[in-house]
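> Before I ask anything, here is the structure I am working with.
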Amino acid sequence: MKFIICDPIAPSAIAAMREAGIEVDVRDDITPEGLETIIADYDGMVVRSRTKVREPLIDKATNLKVIIRGGVGLDNIDVKYAESKGIEVRNTPSASSNSVAELTIGYLLALARQLPQVTASMKDGKWEKKVFSKGSELAGKTLGLIGLGRIGSLMAQKANALGMKVLFYRRTPTEVDYATQVSLDDLLARSDYVSLHVPHTPETHYIVGAEAIAKMKDGVKIVNCGRGGTLDEAALYDAVANGKVAGAALDVYEDEKGERGKRFMDLPQVIGSPHIGAGTMEAKARVGAEVAQIAIEVTNR
């Protein structure tokens, strides 16, 4: 089989695929227009979050047998349409989960103690001890998890270890250690911190919007290291500006090719990053290993 690598993956994964006899072309900087012109030459493709696999591209992929998404979500792939064309769609759902959960925990700590803001103050040559001695502990606070998949489950475990009380909302009844399932309204009303861990679907679009924020405690803090589009960013901006939300941390955004969260950077209560949740060496290695394993499995059928 012949594979095209459309987004960066670990070199060890590429080497493993080639050692298994797979022909691999690395084109991890290819443009959407360029990909459309050559996709018919390939039996398989590997993408991460940068490359979008939509219907027009799928229509041109006349020889494609498999799309491998290195990562958790499949938002950037028209999965049902691909499958209707006989193309298998696979991903690596567990490889980066711990990295995303750890980043989310890091953001909880950063919001509780204003770590980015105090560091910026120190770099400006200031010694604002009184200003930044008004933080809070996470222990004893309530964390509300909207969604409880692999990452949410890891979050429940890690937050519990920090002494937090963990609530979660999920449509299907689920029993897990370290956390209690509640209704969405109950979670919103009781949580000191709210963290989103749901895929972006029509059902979850703006699951946290103006109406949901209004049901939250005054002074709540919100973290989204899940998917853009699940959080109404305009509503969040207004809620931070008027003091309803005391702080927010964002790793994902609704339009990452547009504003990329720039609208929030004039709000000192908001901290953010450019979608780096899975951006650890360990996660990249695990993602690459799973991608290679899937590619070899499909080739050897």
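> Among the residues of segment 237-256, is any β-branched (Val, Ile, Thr), assigned by TED's automatic domain parsing to the domain that holds GLY106 and assigned to a helix (DSSP H, G or I)?
Checked segment 237-256: at least one residue is β-branched (Val, Ile, Thr), assigned by TED's automatic domain parsing to the domain that holds GLY106 and assigned to a helix (DSSP H, G or I).
> Check LYS80 against each of (1) farther than 27 Å from THR280 by Cα; (2) in contact with a helix residue (DSSP H, G or I) (Cβ under 8 Å, 6 or more places away or on another chain) and name the one condition it does not meet.
Here LYS80 meets the rest and fails (2).
Let's see how each residue does on (1) out of contact with any strand residue (DSSP E or B) (no Cβ under 8 Å at 6 or more places or on another chain); (2) closer than 25 Å to GLU203 by Cβ; (3) touching a residue at least 24 places away in the same chain (Cβ under 8 Å):
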| residue | (1), (2), (3) |
| --- | --- |
| ILE105 | yes, no, yes |
| LEU108 | no, no, yes |
| GLY125 | yes, no, no |
| GLU137 | yes, no, yes |
| ILE146 | no, yes, yes |
| GLY152 | no, yes, yes |
| GLN157 | yes, no, no |
| ALA161 | yes, no, no |
| MET164 | no, no, yes |
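> Would you call ALA246 within 14 Å of TYR107 (Cβ to Cβ) and surrounded by fewer than 19 Cβ atoms within 10 Å (Cβ to Cβ)?
So ALA246 passes the test.
> Within segment 255-265, does at least one residue satisfy the condition of being out of contact with any strand residue (DSSP E or B) (no Cβ under 6 Å at 6 or more places or on another chain), without any contact (Cβ under 8 Å) to a residue 60 or more places away in the chain and closer than 27 Å to ARG170 by Cα?
Yes, some residue in segment 255-265 is out of contact with any strand residue (DSSP E or B) (no Cβ under 6 Å at 6 or more places or on another chain), without any contact (Cβ under 8 Å) to a residue 60 or more places away in the chain and closer than 27 Å to ARG170 by Cα.
> Follow-up question, since we're still on this one. Identify all residues within segment 110-128 that are part of a helix (DSSP H, G or I) and surrounded by 14 or more Cβ atoms within 10 Å (Cβ to Cβ); write none if there are none.
ALA110, LEU111, ALA112, ARG113, LEU115, PRO116, GLN117, VAL118, SER121
> Given VAL194, VAL198, VAL131, which one is in the same structural domain as ALA212 (by TED's automatic domain parsing) and not in a loop (DSSP other than H, G, I, E, B)?
The match here is VAL194.
> Need pairs with beta-carbon distance below 7 Å; first residue in contact (Cβ under 8 Å) with a residue 40 or more places away in the chain and within 30 Å of GLY243 (Cα to Cα) and within segment 267-287, second among the polar types (S, T, N, Q) and in a strand (DSSP E or B); sequence gap 6+ or separate chains.
none
> Of the residues ALA234, ALA212, which is under 20 Å from LEU145 (Cβ atoms), small (Gly, Ala, Ser) and assigned by TED's automatic domain parsing to the domain that holds GLN114? Give the derivation first.
Values: ALA234 fails: under 20 Å from LEU145 (Cβ atoms).
Of the residues listed, the single one that is under 20 Å from LEU145 (Cβ atoms), small (Gly, Ala, Ser) and assigned by TED's automatic domain parsing to the domain that holds GLN114 is ALA212.
> Would you confirm, using the coordinates I've provided, whether VAL72 is without any contact (Cβ under 8 Å) to a residue 60 or more places away in the chain, crowded, with 16+ Cβ neighbours inside 10 Å and not charged (D, E, K, R)?
no
> Another question about this same structure. Taking the options VAL166, VAL176, name whichever one is in the same structural domain as ILE207 (by TED's automatic domain parsing), in a loop (DSSP other than H, G, I, E, B) and of a type in the set (A, V, I, L, M, F, W, C).
Result of the check over VAL166, VAL176: VAL176.
The values are calculated or read from the model by the stated rules, or taken from the named source; none is laboratory data. Not measured: the values here are computed from a predicted model. Because the Cβ atoms are built from the backbone with ideal geometry, glycine has one as well, and the counts that use them run over all protein chains shown.
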